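Scroll down for the structure; my scribbles are underneath it.
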Amino acid sequence: MNRKSTTVAYLGMLTALAMILSYVESLIPMSVGIPGVKIGLANLVVMVALYTVGIKWAFALSMVRIILVGFTFGSMSSMMYSFAGGMLSFLVMVIAKKTGFFSVRGVSILGGVFHNVGQIALAICLVENVKLVFYFPVLLVSGTAAGVAIGILATMIIVRVKKVYRNDEDKMDGAK
């Protein structure tokens, strides 16, 4: 199997996993009195893709996930909020990763926080009420906590995926 078909299969698996994690997250009751507080389990998959297959494929995965999950488990409204948060979050994670200053956990924390920033910004624009910004302190704490948890898990998975991928490449090189 060549590298391109392996990447396509890997991305298909990650997309399915992101959808499953989104569904599982929708089953978890999160009642803190503020809309938008979530764990962000699907971001785990985006983080792994960002560090294992690169920016282009991670972006494609993020877009496909938002669209499929929106149509499957959500609404047009939820898709708009996911898109706003997901795009800002992804942009900030890419910039943070490229600086080399942040660990996977740091990139994940920034992603969690800026996902909430993107959603609040969209809500302020749609509802035309700047007072929604008062939700931000709670969303900052929840985004940071979720970012830490997702970052820890992502680090463990990324290390293992890279190790398996390296071993598979060594085996393929030996078969030539």
Translational diffusion coefficient (Stokes-Einstein; Kirkwood radius from C-alpha pairs) of the range 3-169 at 4 °C, 1.567 mPa s, in µm²/s: 80 µm²/s
Relative packing of peptides 48-61, 12-25 - highest average C-beta neighbours within 10 Å first: 48-61, 12-25
Net length gained if the chain between V138 and S5 were fully extended (0.36 nm per residue, minus Cα distance): 43.6 nm
Farthest positive-ward along the range 3-169 dipole, Cα basis, beta-carbon charges - from S26, A121, A96: A96
Neighbour net charge for F90 - beta-carbon separation under 15 angstrom, K R +1, D E -1: +4
Contact order normalised by residue count of the chain, Cα under 8 Å, 6+ apart, percent: 23 percent
Separation of the S75 and V130 label points, Cα + 7 Å toward Cβ, nm: 2.8 nm
Cβ charges +1 (Lys, Arg) and -1 (Asp, Glu), total dipole of the chain, debye: 480 debye
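Where a number appears in this text, it was derived from the coordinates with a stated rule and is not lab data. The structure presented is a predicted model; accordingly, all values stated were derived computationally and were not measured. Positions of Cβ are backbone-derived with ideal geometry, glycine not excepted, and every protein chain shown enters the neighbour counts.
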